[in-house]
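Each remark here refers to the structure printed beneath this line.
The values are calculated or read from the model by the stated rules, or taken from the named source; none is laboratory data. Since this is a predicted model, take the numbers as computed values, not measurements. Please note: Cβ atoms are built from the backbone with ideal geometry, for glycine as well, and neighbour counts cover all protein chains shown. These area figures cover heavy atoms from the full protein model, side chains too; ligands, DNA and RNA do not enter into them. Shrake-Rupley method; radii C 1.70, N 1.55, O 1.52, S 1.80 Å.
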Amino acid sequence: ERLGGPPRAFENAVALLKDSGEYAVPFIIEALGDPDRKALTPALIRCLPQIDRPALNPLVVALETTDDAVRLHAIRALGEIGYRQAVPYLLLRQTQATTAEERAALATALTAIASRAGDVDLSQAPAAAFFDLAEQYYDDNPALAADMRLATANVWYWRDGILQDIAVPT
């Protein structure tokens with residue numbers, strides 16, 4: 001609710017959400033889909049990309065939502081965050097997109113990621129992109145590694161219309 005306040009309250013709220021990292025994303029996604037919180041939508045949209053890399057894993061899973069508006073916000077946030085790990089998920093979503101607005105948002109997000117990350121092949125099939133992502137993971141790419149200082153990491157799922165995490169050993 002503080003996101004909807006004056007600029008100082010917004011900045012303080014964003015700082016707290018950044019500290020919460022990936023755990024803040026399910027609440028933001030839920031609020032974006034809540035008709036009673038429509039007044040907060042612009043502030044939620046502004047804050048989501050500011051969480052940066054920690055938001056990546058829950059956001060790619062949030063693409064499974066049936067709420068078209070929430071999915072568009074997630075796509076745009078992934079484009080603004082700009083990490084190449086989102087590319088396979090966005091390419092997969094591109095094969096499922098049903099509206100011109102979603103296809104345009106996906107194209108914009110993919111282009112933004114490619115311009116930021118460099119050598120991203122946007123013409124490949126989603127399966128090939130997921131294979132490349134898996135290869136990078138098994139090659140111990142530091143961008144894909146879990147924080148080794150922690151005993152557990154989260155795997156995110158979309159269940160019953162909400163983002164849920166399961167802690168797994170790092």
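Right, residue 144: open to solvent by 20 Å² or more (accessible area, probe 1.4 Å), among the aliphatic types (A, V, I, L, M) and closer than 27 Å to residue 17 by Cβ or not?
On the way: open to solvent by 20 Å² or more (accessible area, probe 1.4 Å): yes; among the aliphatic types (A, V, I, L, M): yes; closer than 27 Å to residue 17 by Cβ: yes.
So residue 144 passes the test.
Out of 107, 100, which single residue is within 19 Å of the chain's Cα centre (by Cα) and small (Gly, Ala, Ser)? Reasoning before the result, please.
Values: 100 fails: within 19 Å of the chain's Cα centre (by Cα).
Checking each option against the conditions leaves just 107.
Please go through region 128-170 and give me each residue that is among the hydroxyl-bearing types (Ser, Thr, Tyr) and more than 18 Å from the chain's Cα centre (by Cα), ordered by number. Let's see the steps before the verdict.
Of region 128-170, the ones among the hydroxyl-bearing types (Ser, Thr, Tyr) are 137-138, 152, 157, 170.
Within region 128-170, 137, 138, 152, 170 meet the criteria.
Determine, yes or no, whether residue 14 is over 21 Å from residue 144 (Cα atoms) and in contact (Cβ under 8 Å) with a residue 12 or more places away in the chain.
Against the criterion (over 21 Å from residue 144 (Cα atoms) and in contact (Cβ under 8 Å) with a residue 12 or more places away in the chain), residue 14 qualifies.
Please tell me if residue 31 is over 18 Å from residue 126 (Cα atoms) and either without any contact (Cβ under 8 Å) to a residue 24 or more places away in the chain or among the basic types (Lys, Arg) (or both).
Details: over 18 Å from residue 126 (Cα atoms): yes; either without any contact (Cβ under 8 Å) to a residue 24 or more places away in the chain or among the basic types (Lys, Arg) (or both): yes.
Yes; evaluated as a whole, the condition is true for this residue.
Go through region 84-139 and give me each residue that's small (Gly, Ala, Ser), open to solvent by 40 Å² or more (accessible area, probe 1.4 Å) and either under 19 Å from residue 66 (Cβ atoms) or in contact with a strand residue (DSSP E or B) (Cβ under 8 Å, 6 or more places away or on another chain) (or both).
100
Give the number of residues within region 121-156 that are assigned to a helix (DSSP H, G or I) and among the hydrophobic types (A, V, I, L, M, F, W, C). Quick ask: steps written out before the conclusion?
First, pick out the residues of region 121-156 that are assigned to a helix (DSSP H, G or I): 126-138, 142-144.
Then keep just the ones that are among the hydrophobic types (A, V, I, L, M, F, W, C); that gives 127-131, 133-134, 143-144.
The qualifying residues number 9.
Take region 34-45 and flag every residue that is within 25 Å of residue 57 (Cβ to Cβ) and either without any contact (Cβ under 8 Å) to a residue 12 or more places away in the chain or open to solvent by less than 30 Å² (accessible area, probe 1.4 Å) (or both). I'd like the intermediate steps shown before the answer.
The initial filter retains those residues of region 34-45 that are within 25 Å of residue 57 (Cβ to Cβ), namely 34, 37, 40-45.
Selection gives 34, 37, 40, 41, 42, 43, 44.
Show the residue pairs that are 6+ apart or on different chains and have beta-carbon atoms under 6 Å apart, the first residue being within region 78-104 and farther than 24 Å from residue 51 by Cβ, the second being open to solvent by less than 70 Å² (accessible area, probe 1.4 Å) and outside any helix (DSSP H, G or I).
Within 6 Å, the pairs are 103/97.
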